Amino acid sequence: MNEIERLYTFLVQFPELYLATQEQGQPHILPIRSVHLENGRLYVIGCDKETLQRLNTNPKAALLAVSGQQQLRMEGRLLIEDSRCYFRSAQAELVSPDGTSQAFHISAQRPFENVYGKLIVSCQALPEEPLHSSVIMARMAEAARRAGAAGIRANSTADIQAIRTQVDLPIIGIIKAEYPDSPVYITPTMKEIDALVSAGPDVIALDATDRLRPGNISLADFVAAVRSRYPQQKLMADCSTPAEILQADELGFDYIGTTLVGYTEASRGHRIEENDFEWIRQALEQIHVPLIAEGNIDTPEKARRVLDLGCFSVVVGSAITRPQNIAARFTAALEKEGK
């Protein structure tokens, strides 16, 4: 019996259940009918429409269960699924009449292995883009989930936290930050790593190109420092060349991506699909960790091909989540035909 199942066996014995939510700093207490365990998720049964609206704005909530002098209090985040809600994660404490207590920690987080052979959608918008908003990115992630995506890639702690309130898909997290002494901008320093760890993505991706990071720090030294501080954190290498892919494998990254092919000086002029994805086919024969195809995978046919070749998963971004780019392709084609 796992942690959430143990907690559920206690909760169903309590005759009184209350859910506390907040709106503009004001508490709202609602008696609820029951809780229900389904597919590893602890659902709260009996939330009215107003409570669901409050949770959509602020997912933090507390559940209080009372039976005589015995109490169980649980605090965490609730996710809304259709008209139901369930605890994304929570800390709980059961206090018995004799003063003894039991602590529980539950999480509905899906393991990252669930993205194997499936689509990860990159939900990102830079500050200068019209969709730049954590609320919009969260809704974009929900749209991707409804379409069948198995994971999300997101930029910034604000977007990650907002997305967590909408979907429980595994997340690859990054922070894009520019520094004057380095061209590396995807999770470039320990400052960004610390912030991401606090936001809790399943995997943190970082630039793994053969370029010095801010402060003239090498990739090898940076990875060693991250592993020392956060030994359990899963890391993904964003690479741009076959040599960088091999180096990332030697450095012990958990996942390797082709994210930056064509976006660095070392890979300028190359596209990942060249010669039937030659760089991917070579990498799959040489590395020992899962390879995630990413970068210019802009058609369903390309996505299907890289999975057929043996990639662990495929990330698609602009072709799905950047409507200005999509619209520009149409307008360019129309203008070309018109001439």
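The values are calculated or read from the model by the stated rules, or taken from the named source; none is laboratory data. Owing to the predicted nature of the structure, the values given are computational and were not obtained by experimental measurement. Note that each Cβ is placed from the backbone with ideal geometry, even for glycine, and that neighbours are counted across all protein chains shown. These area figures cover heavy atoms from the full protein model, side chains too; ligands, DNA and RNA do not enter into them. Shrake-Rupley method; radii C 1.70, N 1.55, O 1.52, S 1.80 Å.
Electrostatic bookkeeping for Lys234 treats Lys and Arg as +1 and Asp and Glu as -1; over the other residues with beta carbon under 12 Å from its beta carbon, the sum is -2.
For segment 213-230, backbone phi angles converted through the Karplus equation (6.51, -1.76, 1.60; θ = phi - 60°) give residue-by-residue couplings of 8, x, x, 6, 8, 6, 4, 4, 5, 5, 4, 4, 5, 5, 4, 5, 7, 10 Hz, Gly and Pro being listed as x. Here Lys336 sits with roughly 150 square angstrom of accessible surface, probe radius 1.4 Å.
Which shape class applies to segment 149-252: rounded if a/c is under 1.5, otherwise prolate when a/b exceeds b/c and oblate if not, where a ≥ b ≥ c are the square roots of the Cα gyration tensor eigenvalues? Prolate, because a/c is 1.5 or more and a/b exceeds b/c. With every protein chain in place, what's the accessible area of Ile320 (1.4 Å probe, Å², nearest 10)? My reading of the accessible area for Ile320 is about 80 Å². For the chain, the Cβ-based charge dipole about the Cα centre amounts to some 720 debye (Lys, Arg positive; Asp, Glu negative; other atoms uncharged).
Summarising the amide proton neighbourhood of His270: residues at separation of 5 or more, or on other chains, whose placed amide H is nearer than 5 Å comprise Gly262. Using the Karplus relation 6.51 cos²θ - 1.76 cosθ + 1.60 with θ = phi - 60°, the per-residue 3J(HN,Hα) values for segment 122-132 come to 8, 9, 9, 8, 6, x, 7, 9, x, 9, 5 Hz, with x marking Gly and Pro. Cα centroid separation, segment 307-339 to segment 195-242: 29 Å. 3J(HN,Hα) couplings calculated from phi for segment 2-12 with the Karplus curve 6.51 cos²θ - 1.76 cosθ + 1.60 (θ = phi - 60°) are, in sequence order, 7, 4, 5, 5, 4, 4, 5, 4, 6, 4, 5 Hz; Gly and Pro show x. Checking [x] 4, 15, 14, 12, 12, 13, 13, 9, 5, 2, 0, 0; [y] 5, 23, 31, 29, 12, 1, 0; [z] 5, 23, 28, 22, 14, 7, 1, 0, 0 against P(r) over Cα pairs in 10 Å bins from 0, in percent calculated from these atoms, the matching label is [z]. With all protein chains in place and ligands, DNA and RNA left out, the 1.4 Å accessible area ranks His36, His105 as His105, His36, largest first. Computed from Cα positions, the angle between helix 274-286 and the longest principal axis of the chain comes to roughly 60 degrees.
Computed over protein heavy atoms with a 1.4 Å probe, the accessible surface of segment 21-106 works out to 55 Å² per residue. Given a 1.4 angstrom probe, I'd like the percentage of the accessible area of the chain that is carbon and sulfur, rounded to a whole number. Looking at the chain in its full context, I get 50 percent from C and S. Rounded to the nearest 500, the helix-only mean residue ellipticity at 222 nm of the chain stands at -10000 deg cm²/dmol, with each DSSP H run of n ≥ 4 adding -39,500 (n - 2.57).
Is the C-alpha gyration tensor of segment 233-313 telling us rounded, prolate or oblate? Criteria: a/c under 1.5 is rounded; beyond that, a/b larger than b/c is prolate, otherwise oblate. Oblate.
Among Ser218, Ser228, Ser267, the order of accessible area from largest down is Ser228, Ser218, Ser267, computed with a 1.4 Å probe on protein heavy atoms. Of the listed residues Asp168, Asp249, Asp298, the order by accessible area with a 1.4 Å probe, largest first, is Asp298, Asp249, Asp168. Tyr43 sits among other residues whose Cβ lies under 9 Å from its own Cβ, and their net charge, with Lys and Arg +1 and Asp and Glu -1, is 0. Every pair of different Cα atoms in segment 195-335 enters the Kirkwood calculation, which places the hydrodynamic radius at 16.1 Å.
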